[in-house]
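Peer 1: For reference, the structure I am asking about is given below.
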């Protein structure tokens, strides 16, 4: 992988100067060695620059961490892919689904494999009937937070069990709260809170010292502001985004709902260690988190051809999905460049990671912009890196 540092820095600087993003850190790792570029600010008004230890919300880049956690338990024989979800959370025993504008009983059970492949029929707050109902649940989580009333990870999972599914489990790909339900399963099996399991099994062994579900008081000076992009008189403007999103709070204290799908904060230097562990086949600095064959399974599409064709994200053309991550399909044209069998994911506020286990390499970028949709920028960066 080439590392045209100067030209990449110039490209990102252009985005910052146009006020399309507040700042960005971009880096690569090859055979355990990393290098990175920092451009722009984590806090614009204070002129606080983006640095390797800046703490970012990573939203859906929490999902690969959940995938690793689930597979740790699988390697120990405590969870199997074909297990019924209802074996762990009985509220999922008798499900319903949407059929047109009506709700009908669903006979097919949800399995752990459906959650890992996002084919369980769960949604986010999208614009159709299933998404509308999920939006009501998210609003309820926020109301509980505003009233200082608990709404735990287990409570969220049980509330999701009362939501009619968008489709029959295993039928089609639909992005949604699957990882959050897996987080509740992890708690049930490990008999620990999700954040404690992550700390004991992943973060402390990898020395990911600033990664978790909230930002302690002594670290708040390193916490990046979340911005939203607006336009005024034909020019871009960046304003602080102070709204709650996806049932998440202000990160000022440990939340009751530890969202496996979107709740983590991390730094570039922390998450790069996670990337390096995956790129190295599950091991980093002599510490093994997962077996090599387990990580190799992350490079394989876990869905049927029909399910893969039903992936509706434009930037995922040329990719399959499995274990809560995209997987590059070989010999298939892709909208966003990626090496053969590379895997990874991205997040709602702009973070992106790709892992190439074959070449022990990876790419990681962090920014902090709500509803980030600059796939033209990401594509240009990746083409530059991969010489596509």
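Peer 1: Compute the helix-to-body angle for 268-279: its Cα long axis versus the longest principal axis of the chain, expressed 0 to 90° and rounded to tens.
Peer 2: On a 0 to 90 degree scale, this one is about 60.
Peer 1: Residue 314 versus residue 217, label points 7 Å from Cα toward the beta carbon: distance in nm?
Peer 2: Calculated label separation equals 4.7 nm.
Peer 1: Can you give me the pair-distance distribution of the stretch 96-159, C-alpha pairs, 10 Å bins, whole percents?
Peer 2: Going from the shortest bin to the longest, the percentages are 18, 43, 32, 7.
Peer 1: Residue 331 versus residue 188, label points 7 Å from Cα toward the beta carbon: distance in nm?
Peer 2: Reported label-point gap for residue 331 and residue 188 is 4.1 nm.
Peer 1: What ranking of 106, 149, 99, 51 emerges when the number of other C-beta atoms within 10 Å of each C-beta is taken as an exposure proxy, fewest first?
Peer 2: Numbers: 106 19, 149 9, 99 13, 51 16.
Least to most surrounded, the residues fall as 149, 99, 51, 106.
Peer 1: If we restrict to alpha carbons, what Rg and Dmax does the chain come to, in Å?
Peer 2: 19.9, 59
Peer 1: Another question, then. Take residue 83 and residue 30, extend 7 Å from each Cα along the Cα→Cβ direction, and tell me the distance between the two endpoints in nm.
Peer 2: 4.1 nm
Peer 1: Name the shape class, rounded, prolate or oblate, that the alpha-carbon gyration tensor gives for the stretch 214-368, where a ≥ b ≥ c are the square roots of its eigenvalues, rounded holds for a/c under 1.5, and otherwise prolate holds if a/b is larger than b/c and oblate otherwise. Could the numbers behind the result be given before it?
Peer 2: Working: a/c = 1.98, a/b = 1.32, b/c = 1.49.
Taking the square roots of the gyration eigenvalues as a ≥ b ≥ c, the stretch 214-368 is oblate.
Peer 1: Which value at 222 nm does the chain reach when only helices count, each DSSP H run of 4 or more adding -39,500 (n - 2.57), with the total divided by all residues and rounded to the nearest 500 deg cm²/dmol? Before the final figure, lay out the partial values.
Peer 2: Working: 11 runs with 111 residues, N = 388.
My calculation for the chain gives -8500 deg cm²/dmol from helical runs alone.
Peer 1: Roughly how many Å is it from the Cα centre of the stretch 309-328 to that of the stretch 59-101, as a whole number?
Peer 2: 19 Å
Peer 1: Under a 10 Å cutoff between Cα atoms, tell me which one of 26, 80, 194 has the largest fluctuation in the Gaussian network model of the chain.
Peer 2: Top of the fluctuation ranking is 80.
Peer 1: What is the chain's relative contact order, in percent, from Cα pairs under 8 angstrom and six or more apart in sequence?
Peer 2: Details: 795 pairs, mean separation 90.9, N = 388.
Reported as a whole number, the value is 23 percent.
Peer 1: Starting from the Cα of residue 52, move 7 Å in the Cα-to-Cβ direction to define the label point; list residues of the stretch 8-46 whose amide nitrogen is under 15 Å from there.
Peer 2: Counting backbone N atoms under 15 Å from the label point, the list is 25-30, 32-39.
Peer 1: Given R₀ = 41 Å, FRET efficiency for residue 146-residue 384 by Cβ-Cβ distance, to 0.05? Mind dumping the intermediate values first?
Peer 2: Values: r = 44 Å, r/R0 = 1.08.
My answer for the efficiency is 0.40.
Peer 1: Shifting gears a bit: Anyone know which of 238, 329, 246 comes out most mobile in the 10 Å Cα GNM of the chain?
Peer 2: Looking only at 238, 329, 246, the largest GNM fluctuation is found for 238.
Peer 1: Let me ask you something else. Which order, highest average first, do 255-263, 5-13 follow once you tally other Cβ atoms within 10 Å for each residue and take the mean per peptide?
Peer 2: 255-263, 5-13
Peer 1: Rounding to the nearest 10 and keeping the result within 0 to 90°, find how far the Cα-based axis of helix 375-386 lies from the longest principal axis of the chain.
Peer 2: 70 degrees
Peer 1: Can you figure out the FRET efficiency of residue 18 with residue 293, using R₀ = 35 Å and their beta-carbon distance, to the nearest 0.05? Kindly include the intermediate steps, with their values, before the conclusion.
Peer 2: Details: r = 45 Å, r/R0 = 1.30.
For residue 18 and residue 293, the calculated efficiency is 0.15.
Peer 1: Residues in the stretch 116-159 near a label at residue 373, defined as backbone nitrogen under 16 Å from the 7 Å Cα→Cβ point?
Peer 2: Taking a point 7 Å out along Cα→Cβ of residue 373, the residues of the stretch 116-159 whose backbone N falls under 16 Å are 125-128.
Peer 1: If I fit a long axis through the Cα atoms of helix 129-146 and take the longest principal axis of the Cα atoms of the chain, what angle between them do I get, 0 to 90°, rounded to 10?
Peer 2: 70 degrees
Peer 1: Taking square-rooted eigenvalues a ≥ b ≥ c of the alpha carbon gyration tensor, is the stretch 1-108 rounded, prolate or oblate, where a/c under 1.5 means rounded and, failing that, a/b exceeding b/c means prolate?
Peer 2: Prolate, since a/c reaches 1.5 and a/b exceeds b/c.
Peer 1: If the elastic network links every pair of Cα atoms under 10 Å, which of 82, 53, 196 fluctuates the most in the Gaussian network model of the chain?
Peer 2: In the Gaussian network model the winner is 82.
Peer 1: Could you tell me whether the stretch 73-192 comes out rounded, prolate or oblate from its Cα gyration tensor? Rule is a ≥ b ≥ c as square roots of the eigenvalues, rounded for a/c under 1.5, then prolate if a/b exceeds b/c, otherwise oblate.
Peer 2: On the way: a/c = 1.95, a/b = 1.09, b/c = 1.78.
Since a/c reaches 1.5 but b/c is at least a/b, the shape of the stretch 73-192 is classed as oblate.
Rule-based calculations on the coordinates, nothing more; no lab input. Since the structure is predicted, the reported quantities are computational estimates derived from the model, not experimental observations. Note that we place each Cβ from the backbone using ideal geometry, even for glycine, and neighbour counts take in every protein chain shown.
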